[in-house]
């Protein structure tokens, strides 16, 4: 009986159609049989028997082994933190995917923390539909968090979060399937300090109210949703820098944090420089912007020279058109 109800709840679409058709046929048979007895109508009795036979035929054509049935994958007994991921076998992951209807185009991320949702350093599968953003957290028992798409439209940046090398990501240390699958999404850890007094830090990216993802995970959100990074700090809030500078500042942050690779960063820099070269920005302002970009190590002198040469050609072409 337990397996029957698990089939109704967690089976795939084909399984559910078959099982619910049996349930409905059986229920209708009971109704018509009761009506036949109460109303003394032989025709209703015959109809009830036909429905029973139909239910029996359908049930005989399929067995539980023939159907894709997902048994309830939840674990009831206590599990030590370091053993949470170990309990996820390939079979259990498939059952969880069936239960939560994970889409084939899902992505992998690691959620570092969320106070609101009580999450700490947990692997998760993400996917979206037209209006919702889904996160399936692989905790002791899988848990789904659903956000409206507009909640992930902008990504906030959290720099230099302290790392505890003793307790952080303890569940990823034992060799297991999930640890291997999510290895590439672990945060990049770096050191700060002088001499022997050095501390370790990581940079995180925030979606929703406080869901912090690792730097190596956030690219999946950008690719899936088209979200944009929004950094709020003394650079972006000072009012001393142009929009082109701020855009390159965001791109440089993503490059430095290994969210985008060198080729992607180069393409973004070239696009910004091309836009600057053909813009109505005055020559002195252009020079100041290029100088600031070099001071922040966003680009090399060669790229600045490329932009100035393109501006020179654009200016010459404008003069030729005006001369005609």
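The values are calculated or read from the model by the stated rules, or taken from the named source; none is laboratory data. In this text, all values refer to a predicted model and were calculated from it rather than measured experimentally. Neighbour counts run over all protein chains shown; Cβ positions are idealised from the backbone, glycine included.
Details
- Residue in segment 95-105 that is within 30 Å of residue 161 (Cα to Cα), modelled with pLDDT of 80 or more and in contact with a strand residue (DSSP E or B) (Cβ under 7 Å, 6 or more places away or on another chain) present: no
- Count - residues of segment 143-184 that are surrounded by 15 or more Cβ atoms within 10 Å (Cβ to Cβ), part of a loop (DSSP other than H, G, I, E, B) and in contact with a strand residue (DSSP E or B) (Cβ under 7 Å, 6 or more places away or on another chain): 4
- When residues in segment 143-156 are screened for being closer than 14 Å to residue 218 by Cα and touching a helix residue (DSSP H, G or I) at 6+ places or on another chain (Cβ under 7 Å), 2 of them pass.
- Sole exception among (1) under 35 Å from the mean Cα position of the chain (by Cα); (2) in contact (Cβ under 8 Å) with a residue 24 or more places away in the chain; (3) part of a helix (DSSP H, G or I) for residue 259, by number: (3)
- Residues of segment 295-324 satisfying the condition of being within 16 Å of residue 248 (Cα to Cα) and not in a helix (DSSP H, G or I): 296, 297, 298, 299, 300
- Given (1) farther than 25 Å from residue 132 by Cα; (2) surrounded by 15 or more Cβ atoms within 10 Å (Cβ to Cβ), number of the condition residue 219 does not satisfy: (1)
- Candidates in segment 185-216 are the residues that are in a loop (DSSP other than H, G, I, E, B) and at positive phi; of these, the one that is surrounded by the fewest Cβ atoms within 10 Å (Cβ to Cβ) is 195.
- Checked against (1) surrounded by fewer than 14 Cβ atoms within 10 Å (Cβ to Cβ); (2) modelled with pLDDT of 75 or more; (3) outside any helix (DSSP H, G or I), residue 27 passes all but a single condition, namely (3).
- Count - residues of segment 231-250 that are part of a helix (DSSP H, G or I), without any contact (Cβ under 8 Å) to a residue 24 or more places away in the chain and closer than 19 Å to residue 203 by Cβ: 2
- Segment 87-142 holds no strands (runs of 3 or more DSSP E) entirely within its bounds that carry 3 or more residues that are in contact with a helix residue (DSSP H, G or I) (Cβ under 7 Å, 6 or more places away or on another chain), surrounded by 15 or more Cβ atoms within 10 Å (Cβ to Cβ) and not assigned by TED's automatic domain parsing to the domain that holds residue 213.
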